[in-house]
Amino acid sequence: MTFRVDENDVMWIPKEAVREQIANILSAWGMRSEHVKITSTVMVDADSCGIDTHGISMIPPYEDRRKRNVITLDADITVLKETATTALIDAGGGLGYVPSILATEMCINKAKEYGMSAVTVKESAHFGATGYYTRMMADAGLIGIATTNGSGPRTAPTHGKDGKLSTNPIAFAAPTKKNNPFSLDMATTTVAAGKIRNKWNEGQKLPFGWASDADGKPSDDPEVYISRGGTQTPLGGTPEGGSHKGYGLAAMVEILSASFCGASLDSSPNHGKNKPGSMEIGHFFMAIDPTQFLEEGELENSVDELIDYLHAAKPANPDQPVMVAGEPENKIRMERQNTGIPIPPGLRGQIKEIARQSNAAFVFE
């Protein structure tokens, strides 16, 4: 198969071929076929809508974690506790996609029947883009909330210089009738860690404000964060820029994601290294049926009204209209249906080598 390569040696590859490559490697690693289908589908969806930090670029970190035996590719997933409106799931140390889809589906079904629901997951690992799960809830006519803690304390608190929290993302989605669902998906750091990793993959500098060195001073060198004890900054970047807000949100997410389900806190000794085959990560999911408070369709009409009001704001740059959360991703999703997904040369080389070592078919040629 021939793929377009641009002047920067970026290869543009159709979505299905990217999903196939992810699936080939996951299968070669020993993941069950039904789990491969779910995991590769969620991962390539991130690439499809421009969240390039959470799609195929996660294969190299997963390879490292697999080799270090901190994830279990053939994990058994167990529902440990369940009530009419809640559940606790043990992910068995596996990647978080399959247990998170299960948790989301349980949330949807319980909220549809009882009005509200919350499901937590422990003994999990990275679960991709948080907003995938809340969009599922919004598509079912529900308010959706999801959070997760992370694999290690690499974010320094405001006025601190050593890592204490992870990127600790949070997502929120609300259903609509006329517009696309409102879909907020954000790290509580200035940028997702994957953006630093992607810059490092391609040998590029960081914008100042993304990361600090081991002394807490701003750095534009991704290597400082990757291997020299650097940290990420909380959302806001600096105390003057309001980093205490990102720091506070990160702590809130830590409580929801880990404290609720008994997962390991980022601050726990040897977090993510205490149990072979598990990163000890926790997730939190919540769904709310708006018809418990309003007549059917009233919430959707209200959210549409808000979105229309925000769209009507006069743009500072006529070439950049005002958008709401989720719309930039929707725009990229439409574009990439035609252009394909960009795979830069550094990442492409890593994927090829991982495929070779895993005896998995490499399709990007």
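Of everything listed in (1) part of a helix (DSSP H, G or I); (2) more than 18 Å from THR188 (Cβ to Cβ); (3) not basic (Lys, Arg), the single unmet condition for LEU256 is (2). Residues that are out of contact with any strand residue (DSSP E or B) (no Cβ under 8 Å at 6 or more places or on another chain) and under 25 Å from LYS273 (Cα atoms) within region 108-132 comprise just one, GLY128.
Summed over region 197-223, the residues that are part of a helix (DSSP H, G or I) and crowded, with 21+ Cβ neighbours inside 10 Å give a count of 2.
If you check VAL119, VAL79 for being under 21 Å from PHE260 (Cα atoms), surrounded by fewer than 18 Cβ atoms within 10 Å (Cβ to Cβ) and not assigned by TED's automatic domain parsing to the domain that holds PRO344, only one passes: VAL79. As a summary of the residue check, MET58 satisfies the conditions (1) in a loop (DSSP other than H, G, I, E, B); (2) in contact (Cβ under 8 Å) with a residue 60 or more places away in the chain except for the one numbered (1). Only helices (runs of 4 or more DSSP H) whose full extent lies in region 265-365 are considered here, and the ones with at least 2 residues that are over 24 Å from the mean Cα position of the chain (by Cα) and closer than 30 Å to LYS67 by Cβ are 345-358. Screening region 35-49 for residues that are of a type outside the set (Ser, Thr, Tyr), assigned to a helix (DSSP H, G or I) and touching a residue at least 60 places away in the same chain (Cβ under 8 Å) and picking the one that is nearest to THR72 (Cα to Cα) gives HIS35. Go through the residues of region 280-303 one by one and say whether even a single one is modelled with pLDDT under 90, on the phi > 0 side of the Ramachandran plot and surrounded by fewer than 20 Cβ atoms within 10 Å (Cβ to Cβ). No, region 280-303 has no match at all. The numbered conditions (1) assigned by TED's automatic domain parsing to the domain that holds VAL79; (2) among the aromatic types (Phe, Trp, Tyr); (3) not in a helix (DSSP H, G or I) are all true for TYR133 except (3).
With respect to being in a loop (DSSP other than H, G, I, E, B) and within 15 Å of LYS275 (Cα to Cα), THR72 fits the description. Scanning region 332-356 for residues that are without any contact (Cβ under 8 Å) to a residue 12 or more places away in the chain and either within 30 Å of ASP304 (Cβ to Cβ) or of a type in the set (S, T, N, Q) (or both) yields MET334, GLU335, ASN338.
The values are calculated or read from the model by the stated rules, or taken from the named source; none is laboratory data. Everything quoted here is computed from the prediction, not taken from an experiment. As a convention, Cβ positions derive from the backbone with ideal geometry for all residues, glycine included, and neighbour counts pool all protein chains shown.
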